[in-house]
Amino acid sequence: MEYFICPVPKPRMSNRDKFLHPPRPPVQRYWNFVDQCRLERVVIPCFSVHVIFILPMPASWSKKKKAQTNGKPHMQKPDLDNLLKALGDAIYHNDSGIHDIWVTKRWGVQGKILVKEIKCI
């Protein structure tokens, strides 16, 4: 499955974030991401799945750099575990049932999330 939702990492939230109005920008981005995932009905099987986070390239990059980087591994912030945490928490009330998942992050023109089932032998 392909979901055209720009991946967002799970921010570190405190109890104070429940009462802040307006919320801090990272927390607001996270809650917008959660709403989008629920609206798009994102589904991740509990096992044998490969999730690929495609993170958008900065607009400030040159066309040449964008062409060279498109599809290449993304080895900068945000952390892979925070992206997966945000997605798992957005989809499942209790994501402890996920037990076999392979996660990758890559550069892309547009942010999206790809979910591919892995064929087990």
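The values are calculated or read from the model by the stated rules, or taken from the named source; none is laboratory data. The structure presented is a predicted model; accordingly, all values stated were derived computationally and were not measured. Ideal geometry is used to build each Cβ from the backbone, glycine not excepted, and the neighbour counts take in all protein chains shown. Ligands, DNA and RNA are excluded from the accessible area calculation, which covers all protein heavy atoms including side chains. Shrake-Rupley method; radii C 1.70, N 1.55, O 1.52, S 1.80 Å.
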| request: Could you please find all residues in the range 81-105 being buried (at least 16 other Cβ atoms within 10 Å of the Cβ), in contact with a strand residue (DSSP E or B) (Cβ under 8 Å, 6 or more places away or on another chain) and either without any contact (Cβ under 8 Å) to a residue 60 or more places away in the chain or not charged (D, E, K, R) (or both)? | output: Leu83, Leu84, Leu87, Ile101
| task | Would you check which residues across the range 8-47 are touching a Phe, Trp or Tyr at 6+ places or on another chain (Cβ under 7 Å) and either open to solvent by 90 Å² or more (accessible area, probe 1.4 Å) or within 13 Å of Ile91 (Cβ to Cβ) (or both) and list them? | result | Lys10, Glu40, Val42
| said: Here is a check on your reading of the model: is Ile118 surrounded by fewer than 17 Cβ atoms within 10 Å (Cβ to Cβ) and either at pLDDT 90 or above or not aromatic (Phe, Trp, Tyr) (or both)? | reply: yes
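Per-residue answers, yes or no, for (1) within 16 Å of Lys112 (Cα to Cα); (2) at pLDDT 90 or above; (3) under 11 Å from the mean Cα position of the chain (by Cα); (4) charged (D, E, K, R):
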{"residue": "Pro9", "(1), (2), (3), (4)": "yes, yes, yes, no"}
{"residue": "Phe19", "(1), (2), (3), (4)": "no, no, no, no"}
{"residue": "Arg41", "(1), (2), (3), (4)": "yes, yes, no, yes"}
{"residue": "His50", "(1), (2), (3), (4)": "yes, yes, no, no"}
{"residue": "Ile54", "(1), (2), (3), (4)": "yes, yes, yes, no"}
{"residue": "Lys65", "(1), (2), (3), (4)": "no, yes, no, yes"}
{"residue": "Pro73", "(1), (2), (3), (4)": "yes, yes, no, no"}
{"residue": "His93", "(1), (2), (3), (4)": "no, no, no, no"}
